[in-house]
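The values are calculated or read from the model by the stated rules, or taken from the named source; none is laboratory data. These numbers come from a predicted model, not from an experiment. Cβ atoms come from the backbone with ideal geometry, glycine included; neighbour counts cover every protein chain shown. To get the accessible areas, we keep the full protein, side chains included, count just its heavy atoms, and leave off ligands, DNA and RNA. Shrake-Rupley method; radii C 1.70, N 1.55, O 1.52, S 1.80 Å.
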Amino acid sequence: MTNVATVYSTTTCPYCTMMKNYLTEQNIEFEEVLLTTDEEKQKLVEETGQRGVPQTKLNGKWILGFNPEAVQEALEG
């Protein structure tokens, strides 16, 4: 199975960097979406109900913050 991951982040977020580094270490390819406008941020809040970053969608599951355990759970299905 091919993993599908998208990381929603900002350029100033250290936890975003940690999440991207962790995914890279786990050989999980991901698309990064930089939230640079209020409109982009609002769309994300409408979908997840959360304002913080990183927010990662992995195999259809949302992971909030830097959470390696949740990443492993999403990989297991």
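When residue 38 is tested against (1) of a type outside the set (S, T, N, Q); (2) in contact (Cβ under 8 Å) with a residue 12 or more places away in the chain; (3) open to solvent by 60 Å² or more (accessible area, probe 1.4 Å), exactly one condition is not met: (2). Give me a count of the residues in the stretch 10-50 that are assigned to a loop (DSSP other than H, G, I, E, B), of a type in the set (D, E, K, R) and more than 14 Å from the chain's Cα centre (by Cα). Residues in the stretch 10-50 being assigned to a loop (DSSP other than H, G, I, E, B), of a type in the set (D, E, K, R) and more than 14 Å from the chain's Cα centre (by Cα): 0 in total.
Might you check whether a residue that is assigned to a helix (DSSP H, G or I) and exposed (fewer than 11 other Cβ atoms within 10 Å of the Cβ) occurs anywhere in the stretch 52-67? Can you show your working first?
So the first thing to find is which residues in the stretch 52-67 are assigned to a helix (DSSP H, G or I), and the list is none.
No: the stretch 52-67 contains no residue that is assigned to a helix (DSSP H, G or I) and exposed (fewer than 11 other Cβ atoms within 10 Å of the Cβ).
Only residues that are open to solvent by 100 Å² or more (accessible area, probe 1.4 Å) and without any contact (Cβ under 8 Å) to a residue 12 or more places away in the chain were counted across the stretch 2-35, and they come to 4.
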